[in-house]
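Report on one structure; see the data block that follows.
The values are calculated or read from the model by the stated rules, or taken from the named source; none is laboratory data. Since the structure is predicted, the reported quantities are computational estimates derived from the model, not experimental observations. Cβ placement follows ideal geometry from the backbone for every residue including glycine, while neighbour counts extend to all protein chains displayed. Heads up: the accessible areas ignore ligands, DNA and RNA and are worked out on the full protein's heavy atoms, side chains in. Shrake-Rupley method; radii C 1.70, N 1.55, O 1.52, S 1.80 Å.
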Amino acid sequence: MSEERLFPKPVDEIILEKVRFFFLPDRTAAFVKNLVDGKVSERSLICCNSGCDVCNETIYNCYMAVKKEMEKR
């Protein structure tokens with residue numbers, strides 16, 4: 001059952017929710033926020049298949065989930 005809210009979720013809350021959904025460290029939320037704000041290009045998120053601690057592909061998937069959630073608003 002979805003939670004009824006008087007106001008939409010703030011962007012920071014959406015970002016942190018999605019970061020945790022993708023099991024990314026909370027510190028990644030600041031980077032995703034920069035993506036949302038356009039301060040960092042999403043083109044920089046290319047997976048290099050080197051087993052990074054925080055994979056760019058996972059960050060990209062998280063970012064896309066945030067964008068999708070924000071479009072619902």
Worksheet item: When residues of segment 17-33 are filtered for being over 26 Å from R5 (Cα atoms) and open to solvent by 50 Å² or more (accessible area, probe 1.4 Å), how many remain?
Response: 2
Practice prompt. Kindly indicate whether any position in segment 4-16 is of a type outside the set (A, V, I, L, M, F, W, C), buried (at least 16 other Cβ atoms within 10 Å of the Cβ), part of a helix (DSSP H, G or I) and modelled with pLDDT of 95 or more.
Written response: no
Worksheet, complete the sentence: Result of the Cβ filter at 7 Å on segment 35-64, keeping first residues that are closer than 16 Å to K18 by Cα and partners that are modelled with pLDDT of 95 or more and surrounded by fewer than 13 Cβ atoms within 10 Å (Cβ to Cβ), at least 6 apart or interchain, is V54/P25
Worksheet item: Failed condition for S44, given (1) surrounded by fewer than 14 Cβ atoms within 10 Å (Cβ to Cβ); (2) out of contact with any helix residue (DSSP H, G or I) (no Cβ under 8 Å at 6 or more places or on another chain), with all others met?
Response: (2)
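Conditions (1) in a helix (DSSP H, G or I); (2) out of contact with any Leu (no Cβ under 9 Å at 6 or more places or on another chain); (3) not hydroxyl-bearing (S, T, Y), marked per residue:
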residue	(1), (2), (3)
K18	yes, no, yes
L24	no, yes, yes
V32	yes, no, yes
V40	no, yes, yes
S50	no, yes, no
V54	no, no, yes
C62	yes, no, yes
E69	yes, yes, yes
